Amino acid sequence: MLADLCFADLLLFAAEADANTERFVVLGQVRPSTSQTLHRDDLVGRVIEESERPLVARAWRLGEIVEGELTIPGHGERARLQCIPVKRSGRMVAVVTRESPLTVGRRPGELERVYVETFDRFARMLLTGDFPFLLDDVETEESPRVGDGVLLLDGGGRVDYASPNAVNALHRMGIYSGTEGSTFDELGIDDTPVKAAFASRSPVTEEVERRADVTVLMRCVPLLDNGGVTGGLVLLRDVTELRRRDRLLLSKDASIREVHHRVKNNLQTTSSLLRLQARRLPPGEGRTALGEAERRIRTIALVHEVLSRDPVEQVPFTDIVKPLVRMAEDGASSLGRAVVFTVEGDPGELRPEVATSLALVLNELLQNAAEHAFPEEAEGDGLVVLAMHNDGSRLSVRVVDNGVGLPDDFSIDRTNSLGLSIVREMVQTQLSGSIEMLANEAGGTLVELDIPLAET
């Protein structure tokens, strides 16, 4: 804001004292958006000797505003310099320099005169410690800038000056005349931000909607003199289009949630129909096949249930693993087998397409362990451990059981099992990963998955 008001570069210096000389460190640098910059290089962090900036050292020692000229090192260009001490609680903490070319790039007019005079008022506030403000609202990317529109208010809240861009913003709000000399209340604008800023002696930012189709972001910065309010600087920015886009994004998010919700409901309905159909069949291959199809559809519905709550780009996969494990426990219980399932590690957040395929894979592996690793004649409780590790670029998954193990000639590449064929194809084609299924050294079966997470 200050750089835009004075059409110049601003540098912030802090003193670094030693036994022999005075040196200064550049802590901040701001270029104006209303004029051409003087410094093309980034000076932040650079240590400056007193001989390079004698006016800065003088302002630091005197505690007064010092003006003069300087030859910019490395450029050979003469510049106009204004050094403003920054004080807090009566103590010098820094020096702000206003640096601009001797030949001003834009022709001076009323706008330039008002802006520079306003900057001078802020300079005096820096000198007395009234600026920066102790209490200040947080500026964001949406916060209005000087170039968006400026209204200068007197101590009574009446408009002394309105920049052309501010006039345009007022026109969009339906205000076409009588701006200067009027208060916001007389113009029909909510004056709450102005009253709040004057009362608190600190900036206030609020959105004002004078018309339903126009939204203006207003930031009122009080101008102080020895602690008393002598006026205010109001920055205006028309954010109508931004708010329209925000509403569209909210509507889009709601629509996406609704789509996932409906897909989940449709999948659950299909799952219920398959379950009802399976109950009408006698025990055998047909009933088993319908049961497996119903379970797979229910697995896909789990992912859409998570997405229907929050249509994010990444799915917290732990929210899907827990119901998958419960489904496997229910499957083992229905077969009359005592199997304990445990989960180790954190799979992290995954893209929806990865989460859907991986959920189907884990469902098949857990159900396969529950149904085939522990025959009815097996003694003791079975144990299935699902371990996952996400390092940000790859996801490793291990499914280990202490069951009967695999046949000697088993190979997942030659298996005729529908479930394991689905696992193999999903991992290799949908997830672009690798899978190994082999006998565990401690007995039982070990399945290892390695899945890349980077988008291709």
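The values are calculated or read from the model by the stated rules, or taken from the named source; none is laboratory data. Because the structure is a prediction, the values reported are computed rather than measured. Every residue, glycine as well, gets a Cβ built from its backbone with ideal geometry; the counts of neighbours run over all protein chains shown.
Elements of the type strands (runs of 3 or more DSSP E) sitting completely within the range 8-92 and holding at least 2 residues that are at pLDDT 85 or above and closer than 30 Å to Gly227 by Cα: these cover 9-17, 22-30, 66-72, 77-88.
In the range 405-417, the condition of being touching a residue at least 40 places away in the same chain (Cβ under 8 Å), buried (at least 16 other Cβ atoms within 10 Å of the Cβ) and more than 13 Å from Leu365 (Cβ to Cβ) is met by at least one residue.
Quick one: which residue in Thr215, Thr183, Thr230, Thr192 is buried (at least 17 other Cβ atoms within 10 Å of the Cβ) and of a type in the set (Val, Ile, Thr)? Working first, answer last.
Details: Thr183 fails: buried (at least 17 other Cβ atoms within 10 Å of the Cβ); Thr230 fails: buried (at least 17 other Cβ atoms within 10 Å of the Cβ); Thr192 fails: buried (at least 17 other Cβ atoms within 10 Å of the Cβ).
Only one candidate passes the filter, namely Thr215.
For the range 410-456, filtered to residues that are over 18 Å from Ala387 (Cα atoms) and of a type in the set (Val, Ile, Thr), the residue that is nearest to the chain's Cα centre (by Cα) is Thr456.
Taken over the range 418-456, the residue count meeting the criterion of being more than 16 Å from Glu364 (Cβ to Cβ) and touching a residue at least 60 places away in the same chain (Cβ under 8 Å) is 4. Hey, can you tell me all the residues within the range 332-362 that are assigned to a helix (DSSP H, G or I) and either touching a Gly at 6+ places or on another chain (Cβ under 9 Å) or within 22 Å of Asp391 (Cβ to Cβ) (or both)? Scanning the range 332-362 gives Ala332, Pro352, Glu353, Val354, Ala355, Thr356, Ser357, Leu358, Ala359, Val361, Leu362.
Going through the range 392-410 one residue at a time, which ones are of a type in the set (Gly, Ala, Ser) and farther than 14 Å from Pro375 by Cα?
Filtering the range 392-410 for residues of a type in the set (Gly, Ala, Ser) gives 392-393, 396, 403, 405.
Within the range 392-410, Gly392, Ser393, Ser396 meet the criteria.
With the condition kept exactly as written, say whether any residue in the range 336-346 is surrounded by fewer than 21 Cβ atoms within 10 Å (Cβ to Cβ), free of Cβ contacts under 8 Å to residues at least 24 places away in the same chain and out of contact with any strand residue (DSSP E or B) (no Cβ under 8 Å at 6 or more places or on another chain). There is no residue in the range 336-346 that is surrounded by fewer than 21 Cβ atoms within 10 Å (Cβ to Cβ), free of Cβ contacts under 8 Å to residues at least 24 places away in the same chain and out of contact with any strand residue (DSSP E or B) (no Cβ under 8 Å at 6 or more places or on another chain). Just one of (1) under 16 Å from Asp4 (Cβ atoms); (2) of a type outside the set (A, V, I, L, M, F, W, C); (3) buried (at least 16 other Cβ atoms within 10 Å of the Cβ) fails for Gly147. It is (3).
Can you name the residue in the range 268-296 that is hydroxyl-bearing (Ser, Thr, Tyr) and closer than 20 Å to Leu324 by Cβ and, of all such residues, is surrounded by the most Cβ atoms within 10 Å (Cβ to Cβ)? Write out each step before concluding.
Just the residues of the range 268-296 that are hydroxyl-bearing (Ser, Thr, Tyr), to begin with: 269-272, 288.
Restricting the remaining residues to those that are closer than 20 Å to Leu324 by Cβ gives 270-272, 288.
Values: Thr270: 16, Ser271: 19, Ser272: 13, Thr288: 13.
Looking at residues that are hydroxyl-bearing (Ser, Thr, Tyr) and closer than 20 Å to Leu324 by Cβ, I get Ser271.
Yes or no: Arg275 touching an Asp or Glu at 6+ places or on another chain (Cβ under 6 Å) and over 17 Å from Gly348 (Cβ atoms)? Answer is yes for this residue.
Condition first: among the β-branched types (Val, Ile, Thr) and out of contact with any Lys or Arg (no Cβ under 9 Å at 6 or more places or on another chain). Can you find one or more residues in the range 28-38 that meet it?
Narrowing the range 28-38 to residues among the β-branched types (Val, Ile, Thr): 30, 34, 37.
Now narrow it down to the ones that are out of contact with any Lys or Arg (no Cβ under 9 Å at 6 or more places or on another chain): 30.
The answer is yes; a qualifying residue exists.
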